[in-house]
1. Check off (1) surrounded by fewer than 17 Cβ atoms within 10 Å (Cβ to Cβ); (2) under 12 Å from the mean Cα position of the chain (by Cα); (3) not in a loop (DSSP other than H, G, I, E, B) for residue 42 and give me the number that stays unchecked.
2. Could you please find all residues in segment 1-38 being at pLDDT below 85 and within 20 Å of residue 79 (Cα to Cα)?
3. Do the conditions hold for residue 85, that is, is it in contact with a strand residue (DSSP E or B) (Cβ under 8 Å, 6 or more places away or on another chain), exposed (fewer than 13 other Cβ atoms within 10 Å of the Cβ) and either modelled with pLDDT of 75 or more or more than 12 Å from residue 5 (Cβ to Cβ) (or both)?
4. If I go through segment 1-19 residue by residue, how many of them are in contact (Cβ under 8 Å) with a residue 24 or more places away in the chain and touching a helix residue (DSSP H, G or I) at 6+ places or on another chain (Cβ under 7 Å)?
């Protein structure tokens, strides 16, 4: 069994502290990246993945919640270079998939 921790409900002003506490305990971090179209909110973006990789070696599971998945295919390669260990697209109401 794996412990995949989401930072969705973390205190955004204390994220680094939460990441440091969980880094030794979690098997991976789960990050929802959103385009603002598939779902209205945007919390984490590509820059956040790079920032997380700079402070933790814990694997990053990146879940792309995007409406136009085809537009994000190239960005998944950038995610890999930034430190996203696994990348998954939301399957659902998408265009261009």
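The values are calculated or read from the model by the stated rules, or taken from the named source; none is laboratory data. These numbers were taken from a predicted model, which means no experiment stands behind them. Every residue, glycine as well, gets a Cβ built from its backbone with ideal geometry; the counts of neighbours run over all protein chains shown.
1. (3)
2. Matches in segment 1-38: 7, 8, 31, 32, 33, 34, 35, 36, 37, 38.
3. For residue 85, the condition - in contact with a strand residue (DSSP E or B) (Cβ under 8 Å, 6 or more places away or on another chain), exposed (fewer than 13 other Cβ atoms within 10 Å of the Cβ) and either modelled with pLDDT of 75 or more or more than 12 Å from residue 5 (Cβ to Cβ) (or both) - is not met.
4. Residues that pass the stated criteria total 4.
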